[in-house]
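Colleague: The structure's right below; bear with me while I get my questions together.
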Amino acid sequence: MPLLEIENLSVQFVSGQGRRRRVLRAVEQVSLSMEEGESLGVVGESGSGKTTLGRAILKLWKPAGGAIRFRGEDVAGLAGARLAAFRRQVQMIFQDPFDSLNPRMSIGTAIGEVLAIHGLRGKAERAARVAELLQLVGLPGDYAERYPHEFSGGQRQRIGMARALATGPKLIIADEPVSALDVSVQAQIINLMRRLQADRGIAYLFIAHDLAVVRTLCARVVVMYLGRVVESGPTGALFENPAHPYTEALLSAVPDVDADLDPGLAPKRRIVLKGDVPSATDVPRGCPFHPRCHRAQAVCAEKIPPLRNVAEGRCSACHFAEELLA
Ligand code: SF4
């Protein structure tokens, strides 16, 4: 049984009434699944729906349609003790954990609160567990006395991890956890996440706009555009040969390490995406990507390309996916 199964999930935000009524389709018919201990990358520009997807899994947004199942159980129907158990098993970390930390509360108190909410009531027991969690993420146990402003960006992200780990989760939804950090600190956090995954069997749904970061941690990737999945597949194959022009454009922006190391190699051609992501209240007809697509043809403005299998383990929502893969 998969750890997480999402089937045709849609999340909509409605504003205004009558003629002013607008429906923002933030997530549209998304399906994916994850196994225990797996890392799945979800990538796309801002406005692609990836953060809304993460929050919907946590029951922070109510779906307009579709289903989310965690270890086979329908998340929508969870209440009481079962909902509390689900909340222990699925945690989230954010781009800047500072936003979710009270500046007037010591780190030990902030992590201790999580332990108390989830049933660890003894004060001494909690203090010992906080020190243990800090050490687990590479910080000295006595940092518990310190306040959020005393930490660097990388240390704050470690604290965010410690807080998430406090409940013994099976799945961590990591929303752009390293995008605000320097490259060297990014690598340290990714290595920490990898070590915790190997030691504790944690699965990550890793949300990022930067494909390079996803490459180092995730075995599979889902690419989202305007709330829809436009491509999915194993990370290696997708990086090697994308089956959707949007993925192709995102990949062209990833620094080319091989060409940097070998001046004899031709540098990659950068595909610059035209304009911004359109509003999800006004999705273009036909292929939603066609106004920005460097491969668009007449049919693209008329016919919606369904997401379909285009090679083993790979899906694409492009009329010309096979030509891209050839
Ligand atoms: Fe581009 Fe057309 Fe493919 Fe859409 S269907 S991604 S517009 S080539």
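Colleague: It is to be established whether one or more residues within the stretch 247-255 are within 30 Å of Glu5 (Cα to Cα), open to solvent by 40 Å² or more (accessible area, probe 1.4 Å) and at pLDDT below 95.
Modeller: No, the stretch 247-255 has no match at all.
Colleague: Only one of (1) more than 22 Å from Asp276 (Cβ to Cβ); (2) in a strand (DSSP E or B); (3) in contact (Cβ under 8 Å) with a residue 24 or more places away in the chain fails for Val14. Which number is that?
Modeller: Going through the list (1) more than 22 Å from Asp276 (Cβ to Cβ); (2) in a strand (DSSP E or B); (3) in contact (Cβ under 8 Å) with a residue 24 or more places away in the chain, Val14 breaks only (3).
Colleague: Across the stretch 303-326, what is the number of residues that are acidic (Asp, Glu) and either within 19 Å of Val30 (Cα to Cα) or more than 10 Å from the ligand (Cβ to nearest atom) (or both)?
Modeller: Our first condition is that a residue be acidic (Asp, Glu); within the stretch 303-326, this holds for 312, 322-323.
Pick out the ones that are also either within 19 Å of Val30 (Cα to Cα) or more than 10 Å from the ligand (Cβ to nearest atom) (or both) and you get 312, 322.
Total meeting the criteria: 2.
Colleague: Please count how many residues of the stretch 277-293 are closer than 17 Å to Val223 by Cα and open to solvent by 40 Å² or more (accessible area, probe 1.4 Å).
Modeller: Counting residues in the stretch 277-293 that are closer than 17 Å to Val223 by Cα and open to solvent by 40 Å² or more (accessible area, probe 1.4 Å) gives 1.
Colleague: Let me ask another. The conditions are (1) open to solvent by 50 Å² or more (accessible area, probe 1.4 Å); (2) modelled with pLDDT under 85; (3) more than 30 Å from Glu36 (Cα to Cα); (4) away from the ligand (no atom under 16 Å from the Cβ), and Ala259 fails exactly one of them. Which is it?
Modeller: Going through (1) open to solvent by 50 Å² or more (accessible area, probe 1.4 Å); (2) modelled with pLDDT under 85; (3) more than 30 Å from Glu36 (Cα to Cα); (4) away from the ligand (no atom under 16 Å from the Cβ) one by one, Ala259 breaks only (1).
Colleague: Take Phe151 and tell me if it is under 23 Å from the mean Cα position of the chain (by Cα), buried (at least 16 other Cβ atoms within 10 Å of the Cβ) and of a type outside the set (Val, Ile, Thr).
Modeller: no
Colleague: Quickly run through the stretch 110-146 and pick out the residues that are touching a residue at least 24 places away in the same chain (Cβ under 8 Å) and farther than 26 Å from Arg194 by Cα.
Modeller: Scanning the stretch 110-146 gives Glu145, Arg146.
Colleague: For Val185, which of the numbered conditions (1) assigned to a helix (DSSP H, G or I); (2) open to solvent by 10 Å² or more (accessible area, probe 1.4 Å); (3) within 21 Å of Ile6 (Cα to Cα) fails to hold?
Modeller: Of the numbered conditions (1) assigned to a helix (DSSP H, G or I); (2) open to solvent by 10 Å² or more (accessible area, probe 1.4 Å); (3) within 21 Å of Ile6 (Cα to Cα), the odd one out for Val185 is (3).
Colleague: Residues of the stretch 277-311 being of a type in the set (A, V, I, L, M, F, W, C) and not in a loop (DSSP other than H, G, I, E, B), which ones?
Modeller: If the condition is that a residue be of a type in the set (A, V, I, L, M, F, W, C) and not in a loop (DSSP other than H, G, I, E, B), then Ala298, Val299, Cys300, Ala301, Val310, Ala311 are the ones that fit.
Colleague: Can you tell me which residues in the stretch 277-302 are within 16 Å of Ala249 (Cβ to Cβ) and away from the ligand (no atom under 11 Å from the Cβ)?
Modeller: Once the filter is applied, which keeps residues that are within 16 Å of Ala249 (Cβ to Cβ) and away from the ligand (no atom under 11 Å from the Cβ), the stretch 277-302 yields Val277, Pro278.
Colleague: Looking at (1) within 15 Å of the ligand (Cβ to nearest atom); (2) in a helix (DSSP H, G or I); (3) modelled with pLDDT under 95, find the lone condition where Lys274 falls short.
Modeller: Failing condition for Lys274: (2).
Colleague: Then there's this: Within the stretch 70-99, how many residues are in contact (Cβ under 8 Å) with a residue 60 or more places away in the chain, open to solvent by less than 50 Å² (accessible area, probe 1.4 Å) and in a helix (DSSP H, G or I)?
Modeller: Final tally of qualifying residues: 2.
Colleague: Condition (residue is buried (at least 22 other Cβ atoms within 10 Å of the Cβ) and farther than 17 Å from Ser100 by Cβ) applied to the stretch 189-198: is it met by at least one residue? Reasoning before the result, please.
Modeller: Filtering the stretch 189-198 down to residues buried (at least 22 other Cβ atoms within 10 Å of the Cβ) leaves 189, 193.
Cutting the leftovers down to farther than 17 Å from Ser100 by Cβ gives us 193.
Yes: the stretch 189-198 contains one or more residues that are buried (at least 22 other Cβ atoms within 10 Å of the Cβ) and farther than 17 Å from Ser100 by Cβ.
Colleague: What number of residues in the stretch 24-47 are farther than 30 Å from Arg195 by Cβ and either loosely packed, with under 13 Cβ neighbours inside 10 Å or small (Gly, Ala, Ser) (or both)?
Modeller: Of the residues in that region, 3 qualify.
The values are calculated or read from the model by the stated rules, or taken from the named source; none is laboratory data. Just so we're clear, the structure is a prediction, and the values are computed from it rather than from any experiment. A quick note on method: Cβ atoms are made from the backbone with ideal geometry, for glycine too, and the neighbour counts reach across all protein chains shown. To get the accessible areas, we keep the full protein, side chains included, count just its heavy atoms, and leave off ligands, DNA and RNA. Shrake-Rupley method; radii C 1.70, N 1.55, O 1.52, S 1.80 Å.
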